[in-house]
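Enquirer: Shown below is the structure under consideration.
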Ligand SMILES: Cc1ncc(COP(=O)(O)O)c(C=O)c1O
């Protein structure tokens, strides 16, 4: 072909999850692989009514080009919500993005040079590795325990451009950082001058108690915070936001302008119209209730079916169980056999920047209803027993 690809294109890989999803979309396969929110939670009626109001009251504005920063009232709403959670946020620091996934790309664009070091949790969100990778960073994996990254392990990341952290119900591990760990991690980050990119799409999906205050509340000037409407409203709207310290904001905005000028005006007005009068205070608890029930269905099924030598923690929010299989089992090799038996998962190796633990896998408990979760786990356990024979 006459085109020569850029170095950054060489570094792009197909998302293993999207590849797996293609296989598992076969009828009859119970997929616990993708992290798709339950479509039952989408507020279709509220959206329909709000769409009518937007098209009646401000049709031309909703269909016109608009400001790159985002729709003013929506930025105000975000600032208000985050202030209630303990952040000091001015609406002028809020940039509305096309999903928080775009926020990750923009952050990578303005903060990473070829060869820059970027610290990530181990494991971490695959989509962030994909977003950062074209900017040619060297990833530094930070050692973690069940409470998140170990503060003393940050010494290995001195001089890195930032630490990418997921404190709430992490994708993929499901873990939630305790308040003392947040304190210690941020104290250490600040002491060594390591800024933090905090990604929080799952914080509202808690089951028993809300998670501790965001990392950003412990070091405002040193943290970029990302949020999303995908898990509390609908991912197809593609709306998220970045809150940046004021000195960083203009560069993010310029990166956003170059990427897509602005996020869809209609979607922003629609979301604002739906949520402006406290809708989420009624709606989000219904999602929590559903997901908690499905979490319990998966916990019960795991306890009932899984053979000895497997380990998992019960997540207290979010969407995922993270399973450690016996050491000699490679989850990637297990996957085709599991699909044959009618279920799918994501092999854990995909979520590591380096030194993958191959005996791990991620299961989502939100996409399929409880009875199918039970069937899916039984099939997984059967596959594993057979594989070990
Ligand atoms: C940790 C994390 N960050 C960001 C995203 C992207 O979300 P969205 O672009 O839909 O806001 C996801 C999606 O699953 C995620 O799990």
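Enquirer: I'd like to check which strands (runs of 3 or more DSSP E) are fully inside the range 91-179 and have at least 1 residues that are within 15 Å of the ligand (Cβ to nearest atom) and modelled with pLDDT of 95 or more.
Expert: Result: 94-97, 117-121, 162-165.
Enquirer: While we're on this one: Please go through (1) at pLDDT 95 or above; (2) within 30 Å of residue 119 (Cβ to Cβ); (3) exposed (fewer than 15 other Cβ atoms within 10 Å of the Cβ) for residue 355 and return the number of the only condition it doesn't satisfy.
Expert: (1)
Enquirer: Based on this model, can you work out whether residue 36 counts as within 13 Å of the ligand (Cβ to nearest atom), under 18 Å from the mean Cα position of the chain (by Cα) and modelled with pLDDT under 95?
Expert: yes
Enquirer: Going through the range 215-243 one residue at a time, which ones are assigned to a loop (DSSP other than H, G, I, E, B) and more than 8 Å from the ligand (Cβ to nearest atom)?
Expert: 219, 232, 233, 234
Enquirer: Also, quick follow-up: Residue 288 passes all but one of (1) assigned by TED's automatic domain parsing to the domain that holds residue 53; (2) within 19 Å of residue 174 (Cα to Cα); which number fails?
Expert: (1)
Enquirer: Among the residues of the range 100-120, is any in contact with a strand residue (DSSP E or B) (Cβ under 8 Å, 6 or more places away or on another chain), surrounded by fewer than 22 Cβ atoms within 10 Å (Cβ to Cβ) and at positive phi?
Expert: Taking every residue of the range 100-120 in turn, at least one turns out to be in contact with a strand residue (DSSP E or B) (Cβ under 8 Å, 6 or more places away or on another chain), surrounded by fewer than 22 Cβ atoms within 10 Å (Cβ to Cβ) and at positive phi.
Enquirer: Hey, another quick one. Within the range 11-33, track down each residue that is assigned to a helix (DSSP H, G or I) and under 22 Å from the mean Cα position of the chain (by Cα).
Expert: Listed by number, the residues that qualify are 16, 17, 18, 19, 20, 21, 22, 24.
Enquirer: Could you identify the single residue in 334, 361 that is without any contact (Cβ under 8 Å) to a residue 60 or more places away in the chain and within 16 Å of residue 312 (Cα to Cα)?
Expert: Only one candidate qualifies: 361.
Enquirer: Here's a follow-up. Among the listed residues 386, 303, identify the single one that is assigned to a helix (DSSP H, G or I), without any contact (Cβ under 8 Å) to a residue 12 or more places away in the chain and exposed (fewer than 15 other Cβ atoms within 10 Å of the Cβ).
Expert: Unique residue meeting the criteria: 303.
The values are calculated or read from the model by the stated rules, or taken from the named source; none is laboratory data. Please read all numbers here as calculations on a predicted model, not as lab measurements. All Cβ positions, even for glycine, are placed from backbone atoms using ideal geometry, and neighbour counts span all protein chains on display.
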